[in-house]
Structures are given as C-alpha cells and as structure tokens.
C-alpha cells in the first residue's frame, strides 16, 4: 500500500508505519530547501553503505541554482567515515562543502582538500561522537539519515550501516529521514544500538565480553518533533570495488596465516577461534580474510568496522561464528549474496554504532587482532597511512588507530612497492607518522613478516629490511642504517636526518606513490 502525501512524493506505508511520519513525506528538493549557507549537516553512511541516496543530488542542484542567482551555499559535512563516492563527488564538484570530517575516499574531494579549497579534519573514528557532543564543530543544524523503515511506534529500523547515526539523531536540530525500500525489511534485528554512553565523568563500563554480545536495542530513536521531512528512495548501496586476490595479496595472506599458526603454537592465541579479527577496507585485507578459508582455523569471530565479501564467505562456510561491525563494505556480488540470504546473515552479523565498534575499552578487553593497510613504514616501525610525500592526504586515519593502539596484536599490511616497483613502501623515515613504533607490532609485505615485539630500534631495522623490503631496495636501506649507526653519538634510533628527508625528495621526483 502506498500513500501520496504531496505531488511527486510517495511513500510505502509498510515502510513508514507511523501516521505522524507519513504526514511528513515530501520530495528531496523540498527537504533540502531548509539547508542554509554555513549549516553543519551530518549524514548517514559508512564505507558507502547507508549513504542517503536523494540528498546529495538534490543539494548539489540547489547549490547550482543559488550560485546562478548570485548567492552562496556551502555546508560543513560530518559523516561516519567515507560515504558513497558519487554523493561525495556531486557536492565537491560544486564546491558545496566547506569543511569535511572525519574521513573521505573520493578523488574530487581529496583534490579540493589538498588544494586548500576544503577544510578537512582527520580524526580517529572512535572520537567523532564525543567531539560532536562536546561542541567542537558547533551546532549540528540538520541530520540526514537513511533507514529501512519507521515502525508503528516511531522507532527507526537502521539500514546497512549504523555509523554515527545515533549521535546525529540525538544532537541535530532538525532531521530528514530517507526511507530506502531497497533495504530488505528482514534486516530488522541485525542491529544493536547502545544508548548507555555518556561523557566524563559519568561514564560506566560497557558490558561486552564477546563479539556476539548484545547490549542495546535493534532500533534507532528520534524525537518526532525534530523530523522535518521523510523522503522515499529505492536504490541499492554503492558497490565497494573488490579485486580478486593477486599473487602479492595472496603472499601477504599466507604470511599472516602462518603467523597465526605460530601464535597458537606459542600459546599466545587459542586454537579454537584465535582472537576476534579486525580488518580494514581494501583488497589486501579482503585477501587475508579469504586466506583464512584455506587455513586450519574455525570458530572465528570478527569485531571490526566493516564486513567485506570474504567475511560473508567465511560465515557461509561455517568458519566464522559471528561478525560484529558498524557497516558493510560489499561488492555487487556481495550485496546480492547478503540480500538473497539475509536470514542467515542476520543470525551471524551484528551492526553497531561506531562509538561501540571502535571503542578502545572494548577493543582492549576482547583482545582484537588489528589488521590494517598502510602507505609506508620506516625501518624502525613507524607507519604512515594517510599522507603521500608527507603532505598530501589520501583518505584519512579512519579507525586504524583505534585498533592499533588498543588491540592485542597490531598488524600493518602492504605490498612492498608502489608505482610498478619504482617506490619502496619501506623507507628510512616516514615523512608523516600516524602510528608510532610504540603501537606497531607486526609489518607484513609479500616478501615476509616482521614481528617487532620485544625488539630494540636497531634490531627492528634489520628485521624490517630483511623480511619486508623489496630486494631491490634492501642495499640502499641497509647502507642508510649502517652509516647512521656508525656516526658518533648515533643514539638509540640512529638517523641521518638530511638523508632521510632527501630519500623522500628523490622519490617525489618519480611521482607520488598512489596518486
């Protein structure tokens, strides 16, 4: 059954079951007309999943019209993490975003940031909710949140991500809901939204001891008086591009699986299920998870930010008992698999707010194995995961720091070179540090795995070069360390600073690593 509320605005009353919300149904252009120049707008979406589908096109078109009339319209944009690339691009192309926080992965927006035309605040994802509550970003004027449905009593069934939606609905002055009928109604029950967080000094322990624990409720809540519009959409989430594992990513996966075997043999991990896994987004992380299908491990669990295709495969195979995250990051095939078998995955997947999925207390308690990507690492174990050449942002730190600083084991995975072998991912000194040597425990490339635990800086350097650097770069790196170590007063962490920086200058002349 459908109810037409205004011309061009039709909503499925199965999806919007509360009469009050049915009366707010309108089209996207009308909904965004209330957004003013300088407003802070918080939207749903995490790794594309759950990004509002009608908001960005409607707002971009409004920006064009306002500019054509000689006016000005740009917003401060807050999200969970990255959002659908097409949404980010639409707003960036019209210079509709003045400030962006906390993570992005779209080339047009990245270019504006690196050119100084868009302010960008790159922060740990576990910090976002608290900083917004504390007012670092001023008033959140409008929240735009995608949901699967509105229940009879006015609760919201989340869609394919939770991200910061709980916080956006709580702090925003006004709320626009996008009800996406593409999302299967059977997702109801997959989410666990915890409403027990508080700011200091009123915090209490979060009572989780395993990834499958439920501590909240399956619905988001919203004050109906805040809701100013309900917009109907019917559009699939954007696909996450996932390449088939190549020889390099398979080699990295093999080293990781062998490391897990040795950890079990040493008694540092249990044989039945290891410890809960966290894997960042990307082809290498996806390949590592796929590699677990060939290993001896069963009864696995996941406590991560995102669930990728390989995690669905492991669930279907019975190797993963439960996967907890804040969002899905699936290919087209993965989205089809999830929708076609939603009853299976609802029993084995829990989606939570990111302030819980990335919470340091929980990450430490559960003993998470953190596996994240990097741009480069230096010989002493410092990792740069965000800046090319030390100055140009790629995507952002995301949640990698939350798991690196607090996990039981912190691992960074990367091919040993970029630019078809012209640039080494192992360098004398990283020009930008996101993860210090104090937090990085294991570095893995296709050539091997460097376990840095218990090693002094000089010993770490030898292990990183010999096991992780591409053979073509090892003589250069060994020569640097040998000469730095032989200098008078070389210190605990020997460097030749002028050479370390010139190393990057020479590399920059060949072109940036990834752009």
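Only one of these is surrounded by fewer than 22 Cβ atoms within 10 Å (Cβ to Cβ) and in contact (Cβ under 8 Å) with a residue 24 or more places away in the chain: 82, 72, 126. Name it.
When all the criteria are applied, what remains is 72.
Looking only at the stretch 301-320, count every residue that is more than 19 Å from residue 105 (Cβ to Cβ) and touching a strand residue (DSSP E or B) at 6+ places or on another chain (Cβ under 6 Å) and tell me the total.
The number of residues fulfilling the criteria is 7.
Looking at the stretch 229-247 only, could you name the residues that are out of contact with any helix residue (DSSP H, G or I) (no Cβ under 6 Å at 6 or more places or on another chain) and in a strand (DSSP E or B)?
Of everything in the stretch 229-247, those that are out of contact with any helix residue (DSSP H, G or I) (no Cβ under 6 Å at 6 or more places or on another chain) and in a strand (DSSP E or B) turn out to be 232, 233.
Which one of these is without any contact (Cβ under 8 Å) to a residue 60 or more places away in the chain, under 23 Å from residue 226 (Cβ atoms) and part of a strand (DSSP E or B): 59, 77?
Within the list 59, 77, the selection yields 77.
Inspect the stretch 346-366 for any residue being within 27 Å of residue 455 (Cα to Cα) and either crowded, with 23+ Cβ neighbours inside 10 Å or touching a strand residue (DSSP E or B) at 6+ places or on another chain (Cβ under 6 Å) (or both) and give the result as yes or no.
yes
Only one of 49, 29 is in contact (Cβ under 8 Å) with a residue 24 or more places away in the chain, buried (at least 22 other Cβ atoms within 10 Å of the Cβ) and not assigned by TED's automatic domain parsing to the domain that holds residue 326. Can you tell me which?
Only one candidate qualifies: 49.
Is it true that some residue in the stretch 174-196 is touching a strand residue (DSSP E or B) at 6+ places or on another chain (Cβ under 8 Å), surrounded by 14 or more Cβ atoms within 10 Å (Cβ to Cβ), at pLDDT 95 or above and more than 30 Å from residue 343 (Cα to Cα)?
Checking the stretch 174-196: at least one residue is touching a strand residue (DSSP E or B) at 6+ places or on another chain (Cβ under 8 Å), surrounded by 14 or more Cβ atoms within 10 Å (Cβ to Cβ), at pLDDT 95 or above and more than 30 Å from residue 343 (Cα to Cα).
Which residues, taken from the stretch 337-363, are outside any loop (DSSP other than H, G, I, E, B) and either over 19 Å from the mean Cα position of the chain (by Cα) or modelled with pLDDT under 95 (or both)?
337, 338, 339, 340, 342, 343, 344, 345, 346, 347, 348
Of (1) under 16 Å from residue 41 (Cβ atoms); (2) surrounded by 16 or more Cβ atoms within 10 Å (Cβ to Cβ), residue 138 satisfies all except one. Which?
Failing condition for residue 138: (2).
Considering 472, 461, which residue is outside any loop (DSSP other than H, G, I, E, B) and touching a residue at least 24 places away in the same chain (Cβ under 8 Å)?
461
Since residue 463 meets every condition but one in (1) modelled with pLDDT of 95 or more; (2) more than 30 Å from residue 369 (Cα to Cα); (3) in contact with a strand residue (DSSP E or B) (Cβ under 6 Å, 6 or more places away or on another chain), which condition does it not meet?
Among (1) modelled with pLDDT of 95 or more; (2) more than 30 Å from residue 369 (Cα to Cα); (3) in contact with a strand residue (DSSP E or B) (Cβ under 6 Å, 6 or more places away or on another chain), residue 463 violates only (2).
Return yes or no: is residue 129 modelled with pLDDT of 95 or more and farther than 30 Å from residue 197 by Cβ?
For residue 129, the condition - modelled with pLDDT of 95 or more and farther than 30 Å from residue 197 by Cβ - is not met.
Of 401, 334, 318, 291, which residue is part of a loop (DSSP other than H, G, I, E, B) and not assigned by TED's automatic domain parsing to the domain that holds residue 194?
318
Condition first: under 19 Å from residue 309 (Cα atoms) and out of contact with any strand residue (DSSP E or B) (no Cβ under 7 Å at 6 or more places or on another chain). Can you find one or more residues in the stretch 198-220 that meet it?
Within the stretch 198-220 (the criterion being under 19 Å from residue 309 (Cα atoms) and out of contact with any strand residue (DSSP E or B) (no Cβ under 7 Å at 6 or more places or on another chain)), the answer is no, since none of the residues qualifies.
Within the stretch 432-440, can one find any residue that is in a helix (DSSP H, G or I), surrounded by fewer than 21 Cβ atoms within 10 Å (Cβ to Cβ) and in contact with a strand residue (DSSP E or B) (Cβ under 9 Å, 6 or more places away or on another chain)?
No - not one qualifying residue is present in the stretch 432-440.
Do we have residue 313 as touching a helix residue (DSSP H, G or I) at 6+ places or on another chain (Cβ under 7 Å) and surrounded by 21 or more Cβ atoms within 10 Å (Cβ to Cβ) here?
no
Restricting to the stretch 37-62, count the residues that are touching a strand residue (DSSP E or B) at 6+ places or on another chain (Cβ under 9 Å) and farther than 30 Å from residue 308 by Cβ.
Of the residues in the stretch 37-62, 5 are touching a strand residue (DSSP E or B) at 6+ places or on another chain (Cβ under 9 Å) and farther than 30 Å from residue 308 by Cβ.
Considering only the stretch 100-143, how many residues are under 19 Å from the mean Cα position of the chain (by Cα) and part of a strand (DSSP E or B)?
Matching residues across the stretch 100-143 total 3.
Against the condition surrounded by fewer than 24 Cβ atoms within 10 Å (Cβ to Cβ), at pLDDT 95 or above and under 22 Å from the mean Cα position of the chain (by Cα), how does residue 148 come out, does it pass?
yes
Those residues that are touching a strand residue (DSSP E or B) at 6+ places or on another chain (Cβ under 8 Å) and surrounded by 21 or more Cβ atoms within 10 Å (Cβ to Cβ), I need them from the stretch 283-300; list them, please.
284, 285, 286, 288, 289, 292, 300, listed by residue number.
Before we move on, is residue 321 over 21 Å from residue 249 (Cα atoms) and surrounded by 22 or more Cβ atoms within 10 Å (Cβ to Cβ)?
It is false that residue 321 is over 21 Å from residue 249 (Cα atoms) and surrounded by 22 or more Cβ atoms within 10 Å (Cβ to Cβ).
If only one of 389, 454, 491, 448 is at pLDDT below 95, farther than 18 Å from residue 278 by Cα and surrounded by fewer than 22 Cβ atoms within 10 Å (Cβ to Cβ), which one is it?
389
Just checking, how many residues over the stretch 271-281 are modelled with pLDDT of 95 or more and either exposed (fewer than 14 other Cβ atoms within 10 Å of the Cβ) or assigned to a helix (DSSP H, G or I) (or both)?
0
The values are calculated or read from the model by the stated rules, or taken from the named source; none is laboratory data. Treat the numbers as computed from the prediction; the structure is a model and nothing was measured. Here the Cβ is made from the backbone with ideal geometry for all residues, glycine too, and neighbour counts use every protein chain on show.
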